[in-house]
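Undergrad: Can you keep this structure in mind? I'll have questions shortly.
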Amino acid sequence: MISLTINGLPVAVEEGSTVLEAARFLGFPIPTLCHMEGLSPYGACRLCVVEIGEGPKARLVSSCTFPAQEGLVVRTASERVLRARRMVIELLLASCPQSKTIQDLAAKHGVHRQRFRQEHEDCILCGRCVRMCEEQMMAKAIGFRGRGDRRSIGTPFDEKSEVCRLCGGCMYVCPVCELRCTYSEPDKVVCGGCANLSPPCIEKDKFHDMMCFLDPCVACEIEKD
Amino acid sequence: MALRELKMAESIAPVADTMEPQSIERLIEENAQAPAALIAILQAIQREHGYLSAAALREVSRATGRPLVDVYGVATFYRAFSLHPRGKHVVSACLGTACHVRGAHAVVGEIERQLGIRAGGTTEDREFSLETVNCLGACALGPVVVIDGHYVSKVGKEKVRPLLDDARRGRVGGRNDGEATSLSLVAHCSHCRASLMDPDHPFDGLPSIRLAMKGPGATGWWRISSRYGSNKRETNSTAPRGTVLSVYCTHCGEDLSDGWKCPACRAPLVSLGVGELARLRVCPRLGCDGHMLDVAS
C-alpha cells in the first residue's frame with residue numbers, strides 16, 4: 001500500500017494505481033474524457049488535471065497517467081485546478097461545440113462562454129476509438145494520421161479497412177462521435193455511421209447490416225447546414 | 001553564438017512510374033534486421049522511388065508484420081515522406097526564421113508563380129515538386145533553396161527563374177554553371193589564413209580544397225570537394241579504408257585538427273576556416289563521409 005494525501009486527507013491506496021484511480025476510489029470526483037476503464041491511460045484531454053506538490057513546486061499533472069507515489073500531496077479541486085479545467089473545457093467547446101458530452105461538462109463546471117475562434121470539428125483527438133480498436137477489438141483498423149493541425153483519425157488512405165469488422169466500438173466510445181459523418185461515402189465508411197437510423201439523405205440498404213450507437217443522430221442536420 | 005550542424009540533403013532519385021514489387025521486397029529485406037527499422041525502410045523506399053505508394057505501404061506492413069495503420073501513421077507524420085509521386089526536380093524552400101525575415105516568402109511565392117503550383121504540389125508535367133521546410137540549418141546563408149539536393153544560398157526573387165531553368169536542364173550544381181548557382185566553400189587555413197583552394201584540380205566543377213596528409217608509411221595530398229553537398233574526396237594514399245589520416249596545411253604545415261570528433265566515427269576532425277564566420281570540419285578517416293559546417297553568428 002502507498003500512503004498519500006488527497007485534498008488534505010491521508011489515504012492509502014494499492015501500489016500501481018494512478019492518482020485518478022486513487023481519488024475516484026476514495027470518492028473525489030475528477031472529470032475525464034479520454035480516460036476509459038479497460039483502455040490504456042492516454043492523457044490527451046487534460047480534463048483530469050490535479051495539482052501535486054506544495055508551495056512553489058506545486059504543478060498540474062494529468063491524474064490519469066500519474067502514478068500514485070508515497071507521500072504525494074494531491075489537490076483535486078484547488079482554485080488552480082478548477083481554472084485549468086475550465087480552460088480545457090472552453091477549448092474543447094471551441095473545437096467541438098456540438099458534442100453533448102462536452103456541453104454537459106461545460107454546464108457542470110460553469111463554463112458559460114467560449115472566447116476562442118469557433119470551429120466545428122467532429123473530433124477532439126482523444127484517441128479513445130484508436131485504443132478501443134487496438135486494445136479491446138484487437139483490430140488496429142483506425143489510427144492517427146498526419147500531425148499538427150492536420151492530425152486526424154481514420155483508416156489508412158481513407159478506404160474501408162481490411163481488418164475492420166464493423167464492430168462499431170470506435171463509435172460507441174467516442175465522446176464527440178468522430179466517425180459518424182462517413183455515412184455519405186460508402187466506400188470509405190468504417191462502420192456505417194448512423195446510416196440505419198434512416199436519415200433522409202442516403203439509401204439505407206447500403207448499410208442495412210450495420211450497427212449504430214448514435215442515438216439520436218444529428219449528422220444529417222449538420223451536413224445540411 | 002549559434003552553432004549548427006548542417007546535414008547534406010541526399011539527392012533524390014527520379015520518380016519511377018512503376019514500382020516493381022521485387023525492389024520493394026529487397027529494400028525491406030536490406031533494412032528489416034533492426035526491430036525499429038520502419039522509418040529506415042520507408043526512407044529507403046522514398047529515396048529509391050521518390051514517394052511511397054499505397055502498394056508499397058501495404059507491402060511494408062505485410063513484410064514487417066506491423067499494422068497498416070501504424071505504417072500509414074508514420075508515413076503521414078513525417079514531412080520527408082511523400083505519398084504522391086514527386087516531380088523529377090524537387091525544390092525545397094526554407095521558411096525558417098532567418099530565411100523568413102530575409103524574404104523567403106516572396107521567393108516561395110515567386111517559385112509558385114513560375115511553376116504554377118502551390119507549395120507541396122507537383123507540376124502537371126511531373127518536372128517539379130515544390131515543398132517548404134522549416135529550417136535547413138544554413139541560416140547565415142538564407143534564404144536557402146535546395147534544388148535536387150544542391151543548396152543554393154541567398155536566393156532572391158530575381159534568381160528564381162534562372163535557377164528553375166538550370167534545374168530543368170539538369171544543371172543545378174553541374175559543371176557548367178557551378179559558380180553561379182551552388183554553394184562553394186572557400187576554405188583557408190585557420191592558422192596562417194592562406195587559401196587552400198586549388199583551381200587547377202577542380203572537383204564538381206569547383207576548385208578543390210588541397211591539403212597535405214600523412215598516413216601510415218606515406219605522405220602526400222588529400223583533396224576534398226568545396227561544393228556544399230558533395231562528399232567527394234581523393235588522396236594518393238594507398239592505405240585501406242578506415243585509416244585515419246593526419247592532415248596539415250600545405251602552406252604552414254600546422255596540424256589542422258582542433259579537438260572536435262567526427263559525429264559518425266569519432267576520429268579527430270580536420271578543421272578549415274570558411275569565410276569570416278564559418279568553419280568546415282571534415283573527417284580524415286578514409287571511407288568516412290563525416291563532416292559538419294558550423295556557422296557562427
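The values are calculated or read from the model by the stated rules, or taken from the named source; none is laboratory data. These numbers come from a predicted model, not from an experiment. Using ideal geometry, Cβ is built from the backbone for each residue, glycine included, and neighbour counts are taken over all protein chains shown.
Undergrad: Report those strands (runs of 3 or more DSSP E) wholly inside region B:157-234 carrying at least 1 residues which are assigned by TED's automatic domain parsing to the domain that holds residue B:287, modelled with pLDDT under 85 and closer than 25 Å to residue B:144 by Cβ.
TA: B:197-203, B:206-215
Undergrad: Given the conditions (1) in contact with a Gly (Cβ under 9 Å, 6 or more places away or on another chain); (2) away from every other protein chain (no Cβ under 14 Å), and given that residue A:90 satisfies all but one, which numbered condition is not satisfied?
TA: (1)
Undergrad: Then there's this: Scanning region A:147-166 for residues that are under 19 Å from the mean Cα position of the chain (by Cα) and surrounded by 14 or more Cβ atoms within 10 Å (Cβ to Cβ), which turns out nearest to the other protein chains (Cβ to nearest Cβ)?
TA: My answer is A:155.
Undergrad: Cβ contacts < 8 Å: first residue at negative phi and at the interface with chain A (Cβ under 8 Å from one of its Cβ atoms), restricted to region B:46-69; second residue surrounded by fewer than 18 Cβ atoms within 10 Å (Cβ to Cβ) and part of a helix (DSSP H, G or I), any location; separation 6+ or different chain. Result?
TA: What qualifies is B:54/A:157; B:68/B:58.
Undergrad: Another question, if that's okay. Of all residues being at pLDDT 90 or above and surrounded by 14 or more Cβ atoms within 10 Å (Cβ to Cβ) in region A:103-123, which is nearest to the other protein chains (Cβ to nearest Cβ)? Just the residue, please.
TA: A:105
Undergrad: Follow-up question, since we're still on this one. I'd like to check something: does region A:52-61 contain any residue that is surrounded by fewer than 17 Cβ atoms within 10 Å (Cβ to Cβ), over 30 Å from residue A:138 (Cβ atoms), in contact (Cβ under 8 Å) with a residue 12 or more places away in the chain and among the basic types (Lys, Arg)?
TA: No: region A:52-61 contains no residue that is surrounded by fewer than 17 Cβ atoms within 10 Å (Cβ to Cβ), over 30 Å from residue A:138 (Cβ atoms), in contact (Cβ under 8 Å) with a residue 12 or more places away in the chain and among the basic types (Lys, Arg).
For every residue, the table says whether it meets (1) under 15 Å from residue B:131 (Cα atoms); (2) β-branched (Val, Ile, Thr); (3) out of contact with any strand residue (DSSP E or B) (no Cβ under 6 Å at 6 or more places or on another chain).
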position	(1), (2), (3)
B:40	no, no, yes
B:70	no, no, yes
B:81	yes, no, yes
B:86	yes, no, no
B:102	no, no, yes
B:105	yes, no, yes
B:119	yes, no, no
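Undergrad: I'd like to verify a number: residues in region B:109-154 that are under 21 Å from residue B:169 (Cα atoms) and either more than 14 Å from the chain's Cα centre (by Cα) or touching a residue at least 40 places away in the same chain (Cβ under 8 Å) (or both), how many?
TA: Qualifying residue count for the region: 27.
Undergrad: Filter region B:71-80 for residues that are within 11 Å of chain A (Cβ to nearest Cβ) and modelled with pLDDT under 90 and give the result.
TA: Listed by number, the residues that qualify are B:78, B:79.
Undergrad: Tell me which residues, restricted to region B:275-292, are among the small types (Gly, Ala, Ser) and over 14 Å from the mean Cα position of the chain (by Cα).
TA: If the condition is that a residue be among the small types (Gly, Ala, Ser) and over 14 Å from the mean Cα position of the chain (by Cα), then B:275, B:278, B:287 are the ones that fit.
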